[in-house]
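Remarks on the structure that follows.
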Amino acid sequence: MISVESLRVEFGVKPLFSDASFVVNDRDRIALVGKNGAGKSTLLKILCGRQQPTSGTISIPNDTRIGYLPQVMVLQDDTTVRQEAQKAFADVAKMKAHVDALQQQMAERTDYESQDYMELVDSFTQAHDRYMMMGADGKEAEMERTLTGLGFLRSDFDRPTSEFSGGWRMRIELAKILLERPDVLLLDEPTNHLDIESIQWLEQFLAQSTSAVVLVSHDRAFINNVCNRTLEISCGHIIDYKVRYDEYVQLRQERREQQLRAYENQQKEIADMKAFIERFRYQATKAVQVQQKIKQLEKIVPIEVDEIDTSAMHLKFPPCLRSGDYPVICEDVRKMYSHVVFDHVNLTIKRGEKVAFVGKNGEGKSTLVKCIMGEIPFEGHLKIGHNVQIGYFAQNQAQLLDESLTVYQTIDYVAKGEVRLRINDILGAFMFGGEASDKKVKVLSGGERSRLAMIRLLLEPVNLLILDEPTNHLDMASKDVLKEAIRAFDGTAIIVSHDREFLDGLVTKVYEFGGGKVREHLGGIYDFLQSKHITELHELSKAQENSQGGNNSVPGWEQNVPSVGIKTPQSSKSQSYAEHKEQQKLLRKAEKAVEESERKISDMERRLKELDALLMKPENASNMEFVTEYTQTKSALDKEVERWEQLSEELEQLSN
């Protein structure tokens, strides 16, 4: 579908990447990975024709349609959501006008027996068939499904796009691209402006789509669920791993270990050659051997080792004052604009807790954060505890940096005391080492700006961290650094995020925003998902929508989930939580056992088919080795099926 040969891109002295060759095939699901600034967004722009490479060729068939979603785009505000989405059907509208014009000509003419009229009928039939093949009749329903899947309510369809934030308008652009049904989808950070429910809907959409997909994303769970192939940009080269991201991580580690061994052997060889040359340089009897060694040394091509930042593995927030026992207490907090955002919010966050705010966009997560920060007025009582020092990372933090400064100057202006002596170490930990520290902020990519804004926050001695979508634009390595730093942080943290992998193992409590209410869930993010007894979060979203006509709460929740405002005995709460954790542990263990058994059954069934094919050949009919293996495999399969049935029964009992 797309063939790339010997691609080279240069911006400065060192090429961004060179000699890159790969093919995008039908139904490929490709994750494009690499550190920020490696050239991922540049490669997508080249593939869609918005940017030209320094050299190399890109072959795309003429009839191939490409849909491209950039990280940042210019958006128009002169239409409604429905009208903007309908622009995706421009080809359908054009075809309909053509069909209508042909039909009008047929109605006006009376020379039914002429050759010209018969040709007109043929043209109309072909055009009408093409029009029907485009699925014209179902386009309106498809548009509604796509918009609602991306989080819009039906009441939003006729609202002007100017009433929506930049993130929601990006969703409209994503909807338009998906509705166009292109042959190749190029998506640059599509999950940055989506909530968890919309991300999971997009996962399902891409899994069922017939389009090839090339995407850049730092949401590990998303690319694992969507992609079956990984292209890595590293050391100026593009390496093709035909596996999912998790398997790629393992293969990359093995590859790097091999590179290191080869590099060390080469360095030893070079050192031996240089020692020989130095030792016998001036001995006439060894002149020929010395010249040979010099020529060999000149011909050696240095082995490159994949870039990895070991310095980025450990980072800590600076020490800070101890806060009071309860940094944040909300009592009957209410916020209202033209509608009620939330009401009767009662929550208490203890010192040292790491909590997550989750829910659909627009349900009030960032609004409550702004109430805590004192940026907007509200009703009710909100108390910030004694000695609380807040460090706040907003969604637009990266855009607030001074573009005229260099990376080093940006940090130097906020660093104080002994920290100023370690600026280069800190910059190196977030991949701004060496010459990168002299870059101007204005030339940094979105991911690099986010990392720089995060470094500024790391330098502040705070005891309450409030992070609003901190992982947007951060690459995998930087997210791991941040996650480890927050986990080791002595203070309290409130994290607004849709990144399941980032929240997993980090938070011990989840506050769910929805229907104007805020509800507390003990446990981590996956405990929260499992407690809802659903496989996809968009099902929860639908339940919330259905309940909005009533009392703004989902029927049955009150029986299963404790409201934030209700006080329960601490001992029984801890006991039920411990039981819940143990139950989930047993459930995961049982699920893993069933999956392992299913894998074994699949492997044995595949081997039996192979043996069947082999034994069908005349030359193998009397091969006792194949016959013995077939008998043993069949017996083992029967036993494993019995074991699978037993494990499945145990899993069903635990699930119920």
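The values are calculated or read from the model by the stated rules, or taken from the named source; none is laboratory data. Since the model is a prediction, treat every value here as computed from it, not as a measurement. Because the Cβ atoms are built from the backbone with ideal geometry, glycine has one as well, and the counts that use them run over all protein chains shown. Just the protein is used for accessible areas: all its heavy atoms, side chains included, with ligands, DNA and RNA removed. Shrake-Rupley method; radii C 1.70, N 1.55, O 1.52, S 1.80 Å.
At a probe radius of 1.4 angstrom, the accessible area of segment 1-128 per residue rounds to 57 square angstrom. In the context of the full set of protein chains, segment 233-375 has a per residue accessible area of 60 Å² (1.4 Å probe). For residue 628, the accessible area of its heavy atoms, probed at 1.4 Å with every protein chain present, is near 70 square angstrom.
Give me the Debye-computed log₁₀ of I(q)/I(0) at q = 0.12, 0.15, 0.18, 0.21 Å⁻¹ for segment 168-317, equal point scatterers on Cα only, no solvent, two decimals. For segment 168-317 at q = 0.12, 0.15, 0.18, 0.21 Å⁻¹, log10 I(q)/I(0) is -0.71, -0.90, -1.10, -1.27. The share of C-alpha pairs in segment 175-236 whose separation exceeds 19 Å stands at 27 percent.
Estimated at the nearest 10 Å², the accessible area of residue 392 is 50 Å² with a 1.4 Å probe. Here's the list of lysines a cross-link from residue 94 could span, going by alpha-carbon distance under 30 Å and ignoring same-chain residues fewer than 8 apart: 45, 139, 176.
When you count the other C-beta atoms within 10 angstrom of each residue and take the mean per peptide, 94-107, 231-244, 449-462 line up highest first as 449-462, 231-244, 94-107.
Protein heavy-atom accessible surface, 1.4 Å probe, per residue over segment 590-653: 73 Å². Over 31 Å between Cα atoms: which of 87/517; 274/479; 617/639 fall into that group? Over 31 Å apart, Cα to Cα: 87/517; 274/479. For segment 1-59, what % of the accessible area comes from carbon and sulfur atoms, probe 1.4 Å? Roughly 45 percent, rounded to a whole number. When every Cα-Cα distance of segment 263-395 is counted in 5 angstrom steps from zero, the calculated P(r) takes the values 2, 7, 12, 12, 10, 6, 5, 4, 3, 4, 4, 5, 6, 6, 6, 5, 3, 2, 1 percent.
Residues whose amide H lies under 5 Å from that of residue 34, counting only those 5 or more places away or on a different chain, are 233; hydrogens are built 1.01 Å from N in the peptide plane.
Partners of residue 483 within straight-line reach, counting lysines whose Cα lies under 21 Å from its Cα and excluding those fewer than 8 residues away in the same chain: 35, 316, 350, 354, 365, 509. What is the Cα centroid distance between segment 135-205 and segment 330-386, reported in whole angstrom? Taking the Cα centre of segment 330-386 as reference, the centre of segment 135-205 is 28 Å away.
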